[in-house]
Structure formats: C-alpha cells, structure tokens
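The values are calculated or read from the model by the stated rules, or taken from the named source; none is laboratory data. Just so it is clear, the structure is predicted and the values come from calculations on it, not from any experiment. Note that each Cβ is placed from the backbone with ideal geometry, even for glycine, and that neighbours are counted across all protein chains shown. Accessible surface areas use protein heavy atoms only, side chains included; no ligands, DNA or RNA. Shrake-Rupley method; radii C 1.70, N 1.55, O 1.52, S 1.80 Å.
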Amino acid sequence: TGVQTCALPIYVVHRYNICTGQSLASINLPALPLQVRVTPDGSTAVVTSYSGTVTFIDTGTNQISGSVTVPTDPNFTPSGLAISPDGAYALVTNYEPASDSYLLVVDLATRQVTQQINLNYDYPQSVFINPDGTLAWITYPWVNVVEVMDILTGTIVRSFNIAEPFSMAFNATGTQAFVSSALGSVQVIDAMTYATIATIPADLGATDLQLSPDGAFILVNNSSAQSVTVIETASLTGTTYSISGTPQGSVLVPMQ
C-alpha cells in the first residue's frame, strides 16, 4: 500500500518588467486572489482574496506589508477594489448575498477599516471611483444592476439596470461613464443625469475596460468571443478585432 499526497495550490501575484517581460517577483498570497490595484504614488499594491483577506504589498521590497480582515464576519469575501484618486483610502466589496453584502472603506495609511456600508443587492462584484473621487459606482452582474454611491455620506444616489455589468471606465473629464455588458455591448452613461447616451456594440463577454492615457480610446476585452473592441470616445463608435485566446485582464503601458 502507499500514501498519495497532493500538493496544495499556491496563490501568488506576479510582478513583471513591462519593457522586457522579465519576471521580477512572485509574492505568495492568501487563497483565491481576485483583484489588484496600485496606489497613485506606486508605493503599494493592494490585493483582494476571496478567502477573506485584503493584502498590502510594498512595491519597493516586493514583500507583504500588512493585511485587513473582518474577524466579526465569517462571510467576508472581498472581491471588488478601487483606490481613491488621492491614495487615501480603498473601497472593497463583500461578494455575498444582499443580507451580507457591503462596502468597506479602508484607510491606506493606517491599514484600518474605517467604515462598513451595507449594500442593497446580491454579489457586488466590482467598484469604481469617478475621477474627482466623489462617487463610487458598484456593479452587480448577476442581478443586472449598477448603483452609484455618494462616498462622503455613504448613500445611494442612483440605481439603474444594465444587463450583466462587469467593468467600467470614465472619460478623462469624468462626464461620461462607460459600462461593459457581458452580453456584448458598452453602455455610455451621462455621469450627471445618468441617462444612456449611447449603446456601442462590442462582443460576447465584454468585461475589462481601459481608458487610453490621452483619453481618446476605450479598450474592451471580449472574453467569450476572442476579440477586443476599440471605442473612440469623441465619436462613441467602436471597431472590433478578432484575436487568439481568451482576453481577460488588461493594463495600458505608457509609451516612453
């Protein structure tokens, strides 16, 4: 007889040199990491792990420099993550049914939870902060809802329906919000009136949105259709290009 052993999975975040593609570091994380964001000054990477932890990584040393949990909540399953434009705080969604869904406010200097704001719908997947840092837009892809919250007061100022909303981006001035629908389109929302300005065709699995550094284009990954869509923000028209593989996750690299 023999004993069969199984290796436990290792969860890491990888850091690469974007010019050469060289791997710079692999940093072990708690189980099931989901989203990662970097503070505006580049000093800290913040990672949500569905297993119940928000982890801070010092980008100077590539070492974990702290973490946040919610000991009073056995159902803490952090998913969405957004960092304020001034780098003062992070917002984290708790990916649970409405009875346990909430938004955490985490002070990035003290690494402490300063506020827990209850949410209204099931499974808030992601959160996005508008350019002036006044509003948080929360996506609920499984109930087809987007909520807009006043960050100062923690109150919901608007809720509206979009089919399977996953990702968001704002134009350079913050006057328009672009929301991807996994059914194959990008909705353009007036950020003042919340009226729909345009529906731009993309492709199935439209998820990650990225605004180009000059604000001229929004890039869309269509993960189910092996394609990407490039939207011109001036004309609100898009062109879809077929690619190989399943595009998920994206980052824009500034030209030197």
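Looking at region 114-167, which of its residues are among the small types (Gly, Ala, Ser) and under 12 Å from Tyr102 (Cβ atoms)?
Passing the criteria: only Gly154.
For (1) closer than 30 Å to Asn118 by Cβ; (2) in contact (Cβ under 8 Å) with a residue 24 or more places away in the chain, each residue gets a yes or a no:
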{"residue": "Asn144", "(1), (2)": "yes, no"}
{"residue": "Met149", "(1), (2)": "yes, yes"}
{"residue": "Phe166", "(1), (2)": "yes, yes"}
{"residue": "Thr199", "(1), (2)": "no, no"}
{"residue": "Ile218", "(1), (2)": "no, yes"}
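The set of residues in region 159-173 that are under 17 Å from the mean Cα position of the chain (by Cα) and either closer than 18 Å to Pro85 by Cα or among the polar types (S, T, N, Q) (or both) comprises Ser167, Met168, Ala169, Phe170, Asn171. With respect to (1) open to solvent by less than 60 Å² (accessible area, probe 1.4 Å); (2) modelled with pLDDT of 95 or more, the lone exception for Asp73 is condition (2).
Looking at Gly245, is it open to solvent by 20 Å² or more (accessible area, probe 1.4 Å) and either at pLDDT 95 or above or not in a loop (DSSP other than H, G, I, E, B) (or both)? When the stated conditions are applied, Gly245 does not pass them. With respect to being farther than 23 Å from Gln35 by Cβ and either out of contact with any His (no Cβ under 7 Å at 6 or more places or on another chain) or open to solvent by 20 Å² or more (accessible area, probe 1.4 Å) (or both), Thr207 falls outside the description. Among the residues making up region 43-63, those that are open to solvent by 30 Å² or more (accessible area, probe 1.4 Å) and small (Gly, Ala, Ser) are Ser43, Ser51, Gly60.
Number of residues in region 157-190 that are open to solvent by less than 40 Å² (accessible area, probe 1.4 Å), at negative phi, modelled with pLDDT under 95 and assigned to a loop (DSSP other than H, G, I, E, B) equals 2. Asn120 passes every criterion in (1) modelled with pLDDT under 95; (2) assigned to a strand (DSSP E or B) apart from (2). Of all the listed residues (Gly66, Gly87), the sole one being open to solvent by less than 40 Å² (accessible area, probe 1.4 Å), in contact (Cβ under 8 Å) with a residue 40 or more places away in the chain and not in a loop (DSSP other than H, G, I, E, B) is Gly66. Close contacts from region 109-138, counting a first residue that is closer than 21 Å to Pro165 by Cα and of a type in the set (Phe, Trp, Tyr) and a second that is open to solvent by 60 Å² or more (accessible area, probe 1.4 Å) and modelled with pLDDT of 95 or more, with Cβ to Cβ under 9 Å and a gap of 6+ residues or different chains, come to Tyr121/Trp142; Tyr123/Trp142.
Would you tally the residues in region 150-163 being of a type in the set (A, V, I, L, M, F, W, C) and under 13 Å from Tyr121 (Cα atoms)? Going through region 150-163 one residue at a time, the tally reaches 2.
In region 3-24, of all residues being touching a Ser or Thr at 6+ places or on another chain (Cβ under 9 Å) and either surrounded by 12 or more Cβ atoms within 10 Å (Cβ to Cβ) or outside any loop (DSSP other than H, G, I, E, B) (or both), the one that is modelled with the lowest pLDDT corresponds to Tyr16. Of the residues in region 221-228, at least one is touching a residue at least 40 places away in the same chain (Cβ under 8 Å), assigned to a loop (DSSP other than H, G, I, E, B), open to solvent by less than 40 Å² (accessible area, probe 1.4 Å) and not polar (S, T, N, Q). Leu81 falls short on exactly one of the conditions (1) under 29 Å from Val145 (Cα atoms); (2) touching a Phe, Trp or Tyr at 6+ places or on another chain (Cβ under 8 Å), and that condition is (2).
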